[in-house]
1. For residues in region 175-194 being touching a Pro at 6+ places or on another chain (Cβ under 9 Å) and outside any loop (DSSP other than H, G, I, E, B), which is nearest to Leu117 (Cα to Cα)?
2. Answer with yes or no whether Val128 is open to solvent by less than 20 Å² (accessible area, probe 1.4 Å), over 21 Å from Ala62 (Cα atoms), in a helix (DSSP H, G or I) and in contact (Cβ under 8 Å) with a residue 12 or more places away in the chain.
3. Give me a count of the residues in region 153-184 that are more than 14 Å from the chain's Cα centre (by Cα) and open to solvent by 20 Å² or more (accessible area, probe 1.4 Å).
4. For Gly144, which of the numbered conditions (1) touching a Leu at 6+ places or on another chain (Cβ under 8 Å); (2) modelled with pLDDT of 95 or more; (3) more than 14 Å from Ile113 (Cα to Cα); (4) of a type outside the set (Val, Ile, Thr) fails to hold?
5. Taking the condition more than 25 Å from Val89 (Cβ to Cβ), surrounded by 18 or more Cβ atoms within 10 Å (Cβ to Cβ) and of a type in the set (A, V, I, L, M, F, W, C), does Cys59 pass?
Amino acid sequence: MLTHPMNPEQLLLTESDLAADPLHPLLVGAVDQVRAVVAWAREYLCAPHPELGRKGPVCPYAQGSLDRGIFYLAVHRGETVNEAELDEVLAVYRDWFHELDPLTGPSAQFKTILLTLPDLPGDVARQVVDRTQLRLKPKYTEQGLMLGEFHDGPPAKGGLWNTDFRPLRSPVPMLVVRYMVASDLPFLADDPVTFASYLRYFGRGGPASLRGQVQAAAQRHGLPLPEPSTDVGIRHQNTNQGVR
C-alpha cells in the first residue's frame, strides 16, 4: 500500500492489500467490490473474448500491469459524489501517477491507477463516470495521459475491431489513469484538442499502420505534423490497442 505524501487519505492499493488482516478502514464494507475489480481484470481483461474482433486478450497490458505490481487500486467512498470534488481527487492521483515508477522504458506502459467508486448506485455512477471522463479527457491528454471510463452500463463506446462490442463494461464503476500510447490515435483523432496532444507526444512516430490516419486528422484539423517529442515520459514504440 502506498500513501500519498501530502494527502494521507488517498491511498494506492495492490492486490495483496486486499487480503490483509486487518483490512485498511477504507476497504471496510467495500473490499468485495474492489476484489471483484481484480477478478474482472484477470478473468476478462487478461483473456480473449469472442466478440472482440481480434486475437489476444481484451487489454494487452493488464497482465503485465498485474505481474509487475503496478496495477494500482484507489477507492473513493460515498453513495453520492460531488463532481467538482471528484475532479480534485482525480487530479491528486493524476499528479501522483507522474511520480510513480516506472517513469520511462518499456514497463512504463503497464502502469495504471484505477479509481473505483464502489458505493455509488449504478444509475448515478454511469452518469458521473461518463460526464467526468468527457469533461477531463482533454486535460489528461495534455499531460500525455488517458482517462478511461468503466461501469456496468456499459459505456456506449464500441470496440475498434467490432463496433457492436462494448468492451468497457466493469463490475464496479471506475475511472482509469494510464499513459497515452501511440495507438490511442482512434480515441483522440476526432477532437482537435486531444489530437493536438497526440501530435505533441508522437508526431509522425506512431505505428506505420496509423500514419495515414494521422495525416488525415492533421489535415482535417489544420494542424502541422511535428516530429516526435524528445521529452515524452514513455520513450518507446508499442502497439497497445487499449481495451477496445
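1. Ranking the qualifying residues of region 175-194, first place goes to Thr194.
2. When the stated conditions are applied, Val128 passes them.
3. 12
4. All conditions are met except number (1).
5. In short, no.
The values are calculated or read from the model by the stated rules, or taken from the named source; none is laboratory data. Please read all numbers here as calculations on a predicted model, not as lab measurements. With ideal geometry, Cβ positions are generated from the backbone for all residues, glycine too; neighbour counts draw on all protein chains shown. Side chains included, ligands, DNA and RNA excluded: accessible areas come from the protein's heavy atoms. Shrake-Rupley method; radii C 1.70, N 1.55, O 1.52, S 1.80 Å.
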